[in-house]
Amino acid sequence: MVTNETYLKGVWNQTLELINESQVINSDYFSSFYTDSSLYSLTPEKATISVPRLFHKIILDRDLGIIRSCLSTIIKSTVTVEVLLESDLIQAEQFKLKTISSKYLKNTLKDNYLFSNFIVGKSNVQAHISSLSCATNPGELYNPLFIYGDSGLGKTHLLNAIGNSIKSIYPDKKVGLMSGLDFVQCVFAASKSGDLDQFKEELYELDLLLIDDIQFIAGKEKTHEIFFSVFNELVNNRKQVCITCDRLPSEIKGLEDRIISRFYSGLNVNIEAPEFDTAFQIIKSKIEQRTDLDNYITDDVISFLATNFSQNVRTLEGALTRLIFYGINFANSSTIDLKIASEAFKGQIAEKVNEITPKMIIRRVSDYYGLTPAQIISKTRTKNIAVPRHIAMYLTRKILDLPFSKIGAEFGNRDHSTIMNACERVEQQIKENSLFKKAVFDIEQSIKN
Ligand code: ADP
Ligand code: MG
């Protein structure tokens, strides 16, 4: 019987003969490095050759041209050739087995959601640290880990990062990721085909169960029952369970009390909308990941995005995409500056901005510092009044983009250079002093919301 294995062996033997006959390869090299190789797999597009040691790989990689041509002659079709180490292939094989390819659990981990590309700030530090702890000490510290927060704040990213990290630290552990919706659908399909037990068994086998958006199991009684037993089995055996949700367990309507109370038995952490600094760093890192955007977007444009679109990270990413789209297609410039950025988002933030007036800005700034609007406009030069005045001028310029002379008129008929100096000073302070920057950011938020 010709099995796949014997077929591959046959093809490879013939290929080796042909390579040897061609006399392109030195015969010592051939007997030292080629005879230990084997054809690991062959698809219509690609042949994978397995070799025992790195040295073999280096030699064969150098000779890929002749290997490819002889192999193509034997199989009468052209394929690409790659040479891999036996140990890597075995590991990849184990990965495939360990990261599940069973009937219900599919390997759905997203390999680009990692801890290394997750930006940490005040808004998500708790979720980050607890996720990291689960990845390094699965089943030991926080079980279950329950991460909750609004959409687009990084829950799915962290859940995948836990899975990916465990896979790389402990290649032998079995990892399963599914959404609440997948869970409901699997229970439905398994009940229909009468193999609920198999579904449960697959889950019992796991070392790490990651359930994204658990809220979707609400109101599904049969699912609750299965989930409850799987959850207990895993947690009781110190297998890690990590769950995300768009709200606190107690706020999920239609979820059994016994499940809710289990969710409170581990650690619950909230993930919030990124504050200015985190939003800024997230955009910066997204830009850095793309070599084509080197120096294309100025820092004040990043601030602009961080200020206006930080309600969640998905919106932030969307804004960056729009900006780049607009920049490439409609702005004839080698960099995107604030002017181009405000054009790119004209319709989108204009409505809110229109309601804001210089008087309103002066009022918000004076409220923040416990002053009156009259004090802000006055000629008093004491620092506790002059600084808020400069901030009000700066924010009027930044938010409303009015000419300096017009702003001067709003601030007790000051001339345009006074306003310009004030704006520069504030910009400088923002760069140098993070507390100051935070205060300005908070006031700006209070004006916009
Ligand atoms: P959620 O599951 O909370 O709805 P996601 O995890 O899907 O949110 O995040 C939305 C997008 O934002 C994803 O592309 C994710 O990579 C990105 N993202 C979220 N938080 C961060 C962060 N702190 N650093 C980098 N990217 C992030
Ligand atoms: Mg999600």
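Amide H of residue 269 versus every other amide H placed in the peptide plane: which residues, excluding those fewer than 5 positions away on the same chain, fall under 5 Å?
For residue 269, the qualifying residues are 146, 147, 148.
Where Rh is the Kirkwood radius over the Cα pairs of segment 193-275, the temperature 4 °C and the viscosity 1.567 mPa s, what D in µm²/s does Stokes-Einstein return?
On the way: Rh = 13.7 Å.
Translational D for this selection: 95 µm²/s.
Each label point is 7 Å from the Cα along the Cα-to-Cβ direction; what then is the distance between the points at residue 416 and residue 333, in nm?
Spacing of the two 7 Å Cα→Cβ label points: 1.9 nm.
Just tell me which lysines come within less than 28 Å, Cα to Cα, of residue 192; anything on the same chain fewer than 8 places away is out.
Straight-line reach from residue 192, under 28 Å: 96, 98, 103, 106, 174, 200, 220, 222, 253.
For helix 86-98, report the angle its Cα long axis makes with the longest principal axis of the Cα atoms of the chain; keep it between 0 and 90° and round to the nearest 10°.
70 degrees
If we count every other residue with Cβ under 12 angstrom of residue 413's Cβ, Lys/Arg +1 and Asp/Glu -1, where does the sum land? Write out the running numbers ahead of the final one.
On the way: positive: 379, 406, 414; negative: 410, 415.
Within the 12 Å Cβ shell, the charges total +1.
Based only on other Cβ atoms within 10 Å, what is the fewest-to-most ordering of 397, 68? Present the calculation step by step, with values, prior to reporting the outcome.
On the way: 397 22, 68 16.
Fewest to most other Cβ atoms nearby, the residues stand as 68, 397.
Given charges of +1 on the Cβ of Lys and Arg and -1 on the Cβ of Asp and Glu, with all other atoms neutral, how large is the dipole of segment 58-171 about its Cα centre, in debye to the nearest 20? Each step should come with its number before you reach the end.
Working: 11 positive and 9 negative charges, 73 e Å.
Once rounded to the nearest 20, the dipole reads 340 debye.
Using only the C-alpha atoms of segment 195-333, find the volume of their convex hull and express it per residue in Å³. Mind showing how you got there, number by number?
Values: hull volume 24.1 nm³, N = 139.
In segment 195-333, the Cα hull volume divided by residue count equals 173 Å³.
Which percentage, to the nearest 5, of the DSSP beta bridges contained in the chain is antiparallel? Numbers along the way, then the final one.
On the way: 4 of 28 bridges.
Beta bridges within the chain, antiparallel portion: roughly 15 percent.
If you average 1/r over every pair of different alpha-carbon atoms in the chain and take one over that average, what Kirkwood value in Å do you get? Walk me through the numbers before you get to the answer.
Numbers: mean 1/r = 0.0370 Å⁻¹.
One over the average 1/r among Cα pairs gives 27.0 Å for the chain.
Which lysines, on any chain, are close to residue 284 with Cα under 30 Å apart, when same-chain ones fewer than 8 places away are left out?
110, 122, 155, 167, 339, 346, 352, 398, 431, 437, 438, 448
Helix 313-330 sits at what angle to the longest principal axis of the chain, using alpha carbons and giving 0 to 90 degrees rounded to 10?
90 degrees
Hey, what angle do you get for helix 383-395 against the long axis of the chain, alpha-carbon based, 0 to 90 degrees rounded to 10?
That works out to roughly 60 degrees.
Rounding to the nearest 20 debye, state how big the charge dipole of segment 120-197 is about its Cα centre with +1 on each Lys and Arg Cβ and -1 on each Asp and Glu Cβ. Don't skip to the answer; put the middle values down first.
Numbers: 6 positive and 6 negative charges, 44 e Å.
Dipole of segment 120-197, to the nearest 20 debye: 220 debye.
Taking the simple approach of a point 7 Å from Cα along Cα-to-Cβ for both residue 23 and residue 111, what is their distance in nm?
In this crude label model, residue 23 to residue 111 measures out at 4.3 nm.
Quick one: which of 431-440, 418-427 comes out on top by average Cβ neighbours within 10 Å, and what's the full order, highest first?
Details: 431-440: 14.0, 418-427: 18.1.
My ranking of the peptides, most packed first, is 418-427, 431-440.
Net charge around residue 159, counting only other residues with Cβ within less than 12 Å of its Cβ (Lys, Arg = +1; Asp, Glu = -1)? Mind dumping the intermediate values first?
Numbers: positive: 110, 155; negative: 212, 213.
Around residue 159, the surrounding residues sum to 0.
Lys and Arg at +1, Asp and Glu at -1: add these up for the other residues within a Cβ distance under 13 Å of residue 427 and post the number. Walk me through the numbers before you get to the answer.
Working: positive: 397, 398, 425, 431, 437; negative: 299, 300, 424, 432.
Spelling it out: positives minus negatives among the neighbours equals +1.
Karplus couplings for segment 358-369 from phi (6.51 cos²θ - 1.76 cosθ + 1.60, θ = phi - 60°), rounded to Hz, Gly and Pro as x?
Rounded to whole hertz, the list is x, 5, 5, 4, 4, 5, 5, 5, 5, 4, 4, 9.
Quick note: the coordinates plus some simple rules give every number you see, no bench work behind them. Computed from a predicted model, the values in this text were never measured in an experiment. Glycine also receives a Cβ, built like all others from the backbone with ideal geometry; neighbour counts cover every protein chain displayed.
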